[in-house]
Amino acid sequence: MTPSESAFLERAVVQILFVSGREFSLESMREKLRELFVQEPDATVRAAASIGGFELLQVLLKTTQKLEKVGLRLDIRAGSVRITTAEVRPPALRDYFAVIAEQSADDTRNKAPGEDEEQGPLGTAGLEVLACIAFKQPLSLPEINCYFTADRRAVVLRLQHLGLVDCRKAGETGRTVWMTTGEFLRRFNLQSAADLERLWNAGGEAKAA
């Protein structure tokens, strides 16, 4: 595999994991790569469709070392891979993520048979983007993307579909910015956006101590 083919494969795998917000087995990732790129005219892109299992594992191990520099990593275990955070700080933010994860799990357990799958768990990607918007709002999509290594448009739109964020025009330029909604506050038992500010400040004080 050439350097350009390897670089494309790393980028594609990270984007698939992040946007989908799900875990893939190595074989299902290979199948997804074949599905997406087998008919690509560009040979560099098409090479990803014929990647072998051992080559894919090598790429994943190499990629996770790069991601750890920006606070993410690929969790590779038992023949499966998912993207997650390497470390979450401050402590208040870790606690907040734990609450979100538990509530997402409750949603899954309580979901009625046949309920729309789009209302299921947010996944790691959704949680990370939601936290970014919540603590930094209002943010435009380019500003959101600055905090990550790949385009988060699809994740933001999924959060909007779930009613957790929404957009509006802001400033004289009329740029589109994203903010959390009343549904976000209700779902996570918050009274107002001021609760988020107190969480953030408390985390910073704990880290300083």
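The values are calculated or read from the model by the stated rules, or taken from the named source; none is laboratory data. Every value quoted in this text rests on a predicted model; they were computed, and no experiment measured them. Using ideal geometry, Cβ is built from the backbone for each residue, glycine included, and neighbour counts are taken over all protein chains shown.
Numbers at a glance
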item: Residue among 142, 138, 121 that alone is at pLDDT 65 or above, within 17 Å of the chain's Cα centre (by Cα) and not assigned by TED's automatic domain parsing to the domain that holds residue 32; result: 142
item: Test: residue 18 is in contact (Cβ under 8 Å) with a residue 60 or more places away in the chain and closer than 21 Å to residue 125 by Cβ; result: yes
item: Candidate set from region 150-191 (those that are free of Cβ contacts under 8 Å to residues at least 40 places away in the same chain and hydroxyl-bearing (Ser, Thr, Tyr)); member that is surrounded by the fewest Cβ atoms within 10 Å (Cβ to Cβ); result: 173
item: Candidate set from region 55-73 (those that are surrounded by 18 or more Cβ atoms within 10 Å (Cβ to Cβ) and without any contact (Cβ under 8 Å) to a residue 60 or more places away in the chain); member that is nearest to residue 27 (Cα to Cα); result: 56
item: Identity of the residue in region 127-149, touching a residue at least 40 places away in the same chain (Cβ under 8 Å) and in a loop (DSSP other than H, G, I, E, B), that ends up surrounded by the most Cβ atoms within 10 Å (Cβ to Cβ); result: 148
item: Meets criteria (surrounded by fewer than 18 Cβ atoms within 10 Å (Cβ to Cβ), of a type in the set (Phe, Trp, Tyr) and not assigned by TED's automatic domain parsing to the domain that holds residue 127) for residue 18; result: no
item: Some residue of region 152-159 being within 17 Å of the chain's Cα centre (by Cα), at pLDDT 85 or above, part of a loop (DSSP other than H, G, I, E, B) and not hydrophobic (A, V, I, L, M, F, W, C); result: yes
item: Those residues of region 41-90 which are modelled with pLDDT of 90 or more and of a type in the set (Asp, Glu), in sequence order; result: 42
